[in-house]
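For reference, the structure discussed in these notes is given below.
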Amino acid sequence: MTTIQDNPAVRPMAADPKVWALLLAATLTIMSNATITPALPGLEASFADTPNAGLLTRLLVTAPSLLVAIAAPFVGMASDRFGRRPLLLAGIVLYAISGTLGAVLPSLEGILASRLVLGLAVALIMTTQSALVGDYFAGPMRGRFMGWQMGATNLGGFVFIALAGWLAGISPRLPFLIYALGFAYLPFLWRALPEPDRSRVEATGGGAEGNADWPRLVAIISVMSALTLTIFYIIPTQIPFYLVSIGHPEPAASAQAMALLTITGGISAISFATVRGRLGIGLTPALGYLIIAGGFFVLHSGETLAMVRIGALLIGLGLGYVMPTFVVSALNAAPERRRGAVTGTVTTALFLGQFLSPLVVQPLVELYGYSTTFLIAAILLLPMAGLIAWLLRPGRA
């Protein structure tokens, strides 16, 4: 297999259709959960007679994460054995079908079931797409692409969430139709993504490829991924209801907060490779954690729409320096033949954190209120900054 980095002078990243196909596939994962965030208060009101409607409505955001967490390791192992491309394309078809069902299903329980099926589709897409990144790229190019990928997903999320906020103002069911975009992506991905030739182990950069200590490193990265997403998903699952509590029930208010988060995350992620080149692979995510902690402290400090916007901006900015690190570090550490399994493991951790977030955070909100919950999140992020800097320190990562 010829990888993009084999002859960058002939085919730079931006000129290769595989790059754009992988970026488009990645944008589907950002839609999987957060797209319906602006519709949550409207959905809760629509199903007010359903028992536990408040919790079930919040679980609509994170329910796909449960199936991703369960299925991703098996998808990763299957992709190592049977190939990435067929699983990715099947996942996109399932994604478009299950995602749009929420627009027409008559019960909250039915919508929740469709979101679980959506999670299986996301497991197929995200695990195989991440493994393809490892197959197509190596060394610094891999880190550069991951920055591009998060930039693309966040900028795409900005558009999708803004659109969802507008649609939710018309009807809380309409944002589900955005998932039909998967059908539009399918023909291009079919043509642009060949099945990699993994019959030989490619020579790669990054220093940690095939590291004998890779299982322990991947395990620690996975735990940190889960904790990070548990904290981060306070924003899409709780902010719409927090805004209602401070006098801003309009869907556009939560859509604006999510849009700010995604746009700043996209901008910082695009600069991820440059910042990492200056600060190093450990200090870059450490800086990101400190910025996210600052964002949650801002949310704690004032109950106004302006403070929500500033907090969301900072959290998105920091996340752009944290998230690319997880997959890049795991891919750099693992041997080529285990890339599918490793990306499946990290994907499981990321989505398990998303699923657990409302289950962990909602009791805190009920006991202590939103402001104290935001402060707890900020405090928890501080030691994580030190841990990631130590784990990925020079000479170890």
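Condition check for Ala184 on (1) under 14 Å from Ala21 (Cβ atoms); (2) out of contact with any Gly (no Cβ under 8 Å at 6 or more places or on another chain); (3) in contact (Cβ under 8 Å) with a residue 60 or more places away in the chain: one failure, at (3). For the range 210-224, the criterion of being under 19 Å from Ala164 (Cβ atoms), assigned to a loop (DSSP other than H, G, I, E, B) and not basic (Lys, Arg) is met by no residue.
Note on the range 254-275: among residues that are surrounded by fewer than 23 Cβ atoms within 10 Å (Cβ to Cβ) and among the hydroxyl-bearing types (Ser, Thr, Tyr), the one that is nearest to the chain's Cα centre (by Cα) is Ser271.
Scanning the range 294-312 for residues that are surrounded by fewer than 19 Cβ atoms within 10 Å (Cβ to Cβ), touching a residue at least 40 places away in the same chain (Cβ under 8 Å) and among the hydrophobic types (A, V, I, L, M, F, W, C) turns up Phe297, Leu305. Just one of the numbered conditions (1) of a type in the set (Asp, Glu); (2) surrounded by fewer than 19 Cβ atoms within 10 Å (Cβ to Cβ); (3) within 26 Å of Gln256 (Cβ to Cβ) is not true of Asp49: (3). Assessment of the range 237-253 against the conditions (outside any helix (DSSP H, G or I), free of Cβ contacts under 8 Å to residues at least 12 places away in the same chain, closer than 22 Å to Val342 by Cβ and open to solvent by 10 Å² or more (accessible area, probe 1.4 Å)) yields no matching residue.
Of all residues in the range 327-361, which are open to solvent by 30 Å² or more (accessible area, probe 1.4 Å) and either in contact (Cβ under 8 Å) with a residue 24 or more places away in the chain or aromatic (Phe, Trp, Tyr) (or both)? Walk me through how you get there before you give the answer.
Narrowing the range 327-361 to residues open to solvent by 30 Å² or more (accessible area, probe 1.4 Å): 337-338, 345, 352, 355-356, 359-360.
The answer is Arg337, Arg338, Thr345, Leu352, Phe355, Leu356, Val360.
Is the range 318-326 home to any residue that is closer than 16 Å to Asp80 by Cα, of a type in the set (S, T, N, Q), in contact (Cβ under 8 Å) with a residue 24 or more places away in the chain and open to solvent by less than 10 Å² (accessible area, probe 1.4 Å)? No: the range 318-326 contains no residue that is closer than 16 Å to Asp80 by Cα, of a type in the set (S, T, N, Q), in contact (Cβ under 8 Å) with a residue 24 or more places away in the chain and open to solvent by less than 10 Å² (accessible area, probe 1.4 Å). Tell me yes or no: at least one residue of the range 214-229 is surrounded by fewer than 22 Cβ atoms within 10 Å (Cβ to Cβ), under 23 Å from Gly353 (Cα atoms) and among the β-branched types (Val, Ile, Thr). Yes, that holds for at least one residue.
One line per residue, one yes/no per condition, for (1) open to solvent by 20 Å² or more (accessible area, probe 1.4 Å); (2) of a type outside the set (S, T, N, Q); (3) within 21 Å of the chain's Cα centre (by Cα); (4) closer than 30 Å to Pro196 by Cβ:
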residue: Pro64; (1), (2), (3), (4): no, yes, yes, yes
residue: Phe74; (1), (2), (3), (4): yes, yes, yes, yes
residue: Ser79; (1), (2), (3), (4): no, no, yes, yes
residue: Leu94; (1), (2), (3), (4): yes, yes, yes, yes
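Taking the criterion of being within 21 Å of the chain's Cα centre (by Cα) and either surrounded by 23 or more Cβ atoms within 10 Å (Cβ to Cβ) or in a loop (DSSP other than H, G, I, E, B) (or both), the residues of the range 164-188 that qualify are Ala164, Gly165, Pro175, Phe176, Tyr179, Gly182.
Can you tell me which residues in the range 81-92 are surrounded by fewer than 20 Cβ atoms within 10 Å (Cβ to Cβ) and in a helix (DSSP H, G or I)? Let's see the steps before the verdict.
Within the range 81-92, the first condition is being surrounded by fewer than 20 Cβ atoms within 10 Å (Cβ to Cβ), and the residues that meet it are 81-83, 85-86, 89-90.
Passing the criteria: Arg81, Phe82, Arg85, Pro86, Leu89, Ala90.
Just to be sure, is Thr284 surrounded by 24 or more Cβ atoms within 10 Å (Cβ to Cβ) and at pLDDT 80 or above?
On the way: surrounded by 24 or more Cβ atoms within 10 Å (Cβ to Cβ): yes; at pLDDT 80 or above: yes.
So Thr284 passes the test.
The values are calculated or read from the model by the stated rules, or taken from the named source; none is laboratory data. In this text, all values refer to a predicted model and were calculated from it rather than measured experimentally. Quick reminder, even Gly has a Cβ in these numbers, built from the backbone with ideal geometry, and neighbours come from all protein chains shown. Ligands, DNA and RNA are stripped out before the accessible areas are found, and what is left, the full protein with its side chains, is counted by its heavy atoms. Shrake-Rupley method; radii C 1.70, N 1.55, O 1.52, S 1.80 Å.
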